[in-house]
Amino acid sequence: MMMLAGLLALLCTGAVAAAAHLTRQNQRALRRLGCRLASGVSVIQKGQLELQETRNRNRLLEETVRSGAAAVETVHRTIASTTFEVIDRLATSEKFRANAQQVRRTHDNTSRTFYRSLRSTNKTLHVLADVILSNKAKKRRSQLLKKNNSDPA
């Protein structure tokens, strides 16, 4: 009976030792998985931050072009208006004045069309750049996740 109790105690001790060993292995594996998960989240967050930063730069560039074009347009209109007013005041004949007014209308229509096209092109380029950046970011994020998942732990 004593021998059976000793054998049983030895078996229980071995089982507890094996269970403790497996627990340590599982804890290590769980820590490695947690690190890989955190690394994957970090890669995604880094990609999202980079995309946001790029989009902000893109918006800043669009705003800079828009406001710069508006400032140039205002100066252009002021100079043109002043010039045409001087021509109108100094014109010696009605025919010359009528021709100058026709040139002014043509100039104003052309410059209005030009600045409208500039604003439209700027906006279109901004939208196109945003689409390209989004697609690039998705591809890059996908590649990073694949790389991160294929790395040995």
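Only one of ARG104, ARG140 is part of a helix (DSSP H, G or I), surrounded by 10 or more Cβ atoms within 10 Å (Cβ to Cβ), at pLDDT below 90 and charged (D, E, K, R); which?
Criteria check complete, one pass: ARG140.
Every residue, every condition in (1) closer than 30 Å to LYS147 by Cβ; (2) surrounded by 12 or more Cβ atoms within 10 Å (Cβ to Cβ); (3) modelled with pLDDT of 90 or more; (4) not aromatic (Phe, Trp, Tyr), yes or no:
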site: LEU7; (1), (2), (3), (4): no, no, no, yes
site: ASN26; (1), (2), (3), (4): yes, no, no, yes
site: ILE44; (1), (2), (3), (4): yes, yes, no, yes
site: VAL86; (1), (2), (3), (4): no, no, yes, yes
site: SER93; (1), (2), (3), (4): no, no, yes, yes
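Table: residues versus (1) under 29 Å from LEU49 (Cβ atoms); (2) polar (S, T, N, Q); (3) in contact (Cβ under 8 Å) with a residue 12 or more places away in the chain.
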| position | (1), (2), (3) |
| --- | --- |
| ARG97 | no, no, no |
| THR106 | no, yes, no |
| THR110 | no, yes, no |
| ALA129 | yes, no, yes |
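Could you list, in sequence order, the residues of segment 52-75 that are basic (Lys, Arg) and within 19 Å of ASN135 (Cβ to Cβ)?
Within segment 52-75, ARG55, ARG57, ARG59 meet the criteria.
Pairs only if they're at least six apart or on different chains, beta carbon under 7 angstrom, first in segment 52-81 and assigned to a helix (DSSP H, G or I) and acidic (Asp, Glu), second surrounded by 14 or more Cβ atoms within 10 Å (Cβ to Cβ) and modelled with pLDDT of 90 or more; list them, first residue then second.
GLU62/ASN122; GLU73/TYR115
State whether one or more residues within segment 113-124 are surrounded by fewer than 12 Cβ atoms within 10 Å (Cβ to Cβ), outside any helix (DSSP H, G or I) and either more than 26 Å from the chain's Cα centre (by Cα) or at pLDDT 90 or above (or both).
Checking segment 113-124: not a single residue is surrounded by fewer than 12 Cβ atoms within 10 Å (Cβ to Cβ), outside any helix (DSSP H, G or I) and either more than 26 Å from the chain's Cα centre (by Cα) or at pLDDT 90 or above (or both).
The values are calculated or read from the model by the stated rules, or taken from the named source; none is laboratory data. In this text, all values refer to a predicted model and were calculated from it rather than measured experimentally. Here the Cβ is made from the backbone with ideal geometry for all residues, glycine too, and neighbour counts use every protein chain on show.
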